[in-house]
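Since the structure comes first, as C-alpha cells, the remarks are kept for the end.
Where a number appears in this text, it was derived from the coordinates with a stated rule and is not lab data. Just so you know, these numbers come straight off a predicted model, no measurement behind them. We place every Cβ from the backbone using ideal geometry, glycine too, and count neighbours over all the protein chains shown.
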Amino acid sequence: MSDQPDVRPEDALRVAQRALDRIADHEEDTAALEERVAELEAELGLEDSQPEPDYDSRDQAIVERLEPGETITVSELRQLYRRHTDIRSEKTLKRRMKGLVDRPEFEIADIGEIRYDPETNGGASA
C-alpha cells in the first residue's frame with residue numbers, strides 16, 4: 001500500500017473551485033441582505049446620510065479601475081472581472097456583474113454599455 005492519497009489534481013481543483021463559488025455566492029447573499037436592510041432603514045427614516053458605497057474586495061478591484069463618468073461595454077466589464085478577481089465560474093461572473101451594475105452608481109448608457117457615475121447616481125465617491 002502507498003502512503004500517497006488517492007486524489008487526482010483535477011479532482012482537487014474541481015473541489016476547490018466549487019468551494020470558491022460557494023464563498024462568492026454567500027458574499028453575494030450577504031451583500032443583497034445588507035442592501036435590503038439599508039433600503040428598509042431608509043424607508044423607516046433611520047438613515048442619517050448617504051454612506052460611501054460598500055464594495056467587497058472583488059467589486060472594489062473593478063471599481064478602482066474605472067474613472068467616474070467612464071462608459072464600458074459588458075465585454076470589457078467581463079474582462080475586468082476575469083483579470084482582476086479570482087472569479088472563474090461563468091454563473092458567478094454573470095451574477096457579480098449584474099449585482100455591480102444594479103447599484104445606483106451605475107447606469108445603462110446604451111445597448112451593451114454601462115456608465116460608472118458615482119457622483120451623480122451614487123451620491124458618494126468610491
Note to self: Can you give me the distance in nm between label points at Arg8 and Glu70, each placed 7 Å from the Cα along the Cα-to-Cβ direction?
What the structure shows: 4.1
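Counting Lys +1, Arg +1, Asp -1, Glu -1, what net charge surrounds Glu67 among other residues with beta carbon under 11 Å of its beta carbon?
So the surrounding residues net to -1.
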Next item on the list: Multiply the residue gap between Ala109 and Ala16 by 0.36 nm, knock off their C-alpha separation, and tell me the result in nm, one decimal place.
Entry: 29.8 nm
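Sorted from fewest to most neighbouring beta carbons within 10 Å, what does the list Tyr55, Tyr116 look like?
Values: Tyr55 17, Tyr116 25.
Ranking Tyr55, Tyr116 by Cβ neighbours within 10 Å, fewest first, gives Tyr55, Tyr116.
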Note to self: Using 0.36 nm times the number of residues separating Ala61 and Lys91, minus their current alpha carbon distance, what extension gain do you get?
What the structure shows: 8.9 nm
Check: Among Asp110, Asp6, Asp117, Asp25, which comes first, second and so on when ranked by fewest other beta-carbon atoms within 10 Å?
Finding: Asp6, Asp110, Asp25, Asp117
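With a 10 Å Cβ neighbour count serving as the proxy for reagent exposure, in which order, fewest first, do Arg95, Arg8 appear? Before the final figure, lay out the partial values.
Working: Arg95 15, Arg8 9.
Ordered by Cβ neighbours within 10 Å, fewest first: Arg8, Arg95.
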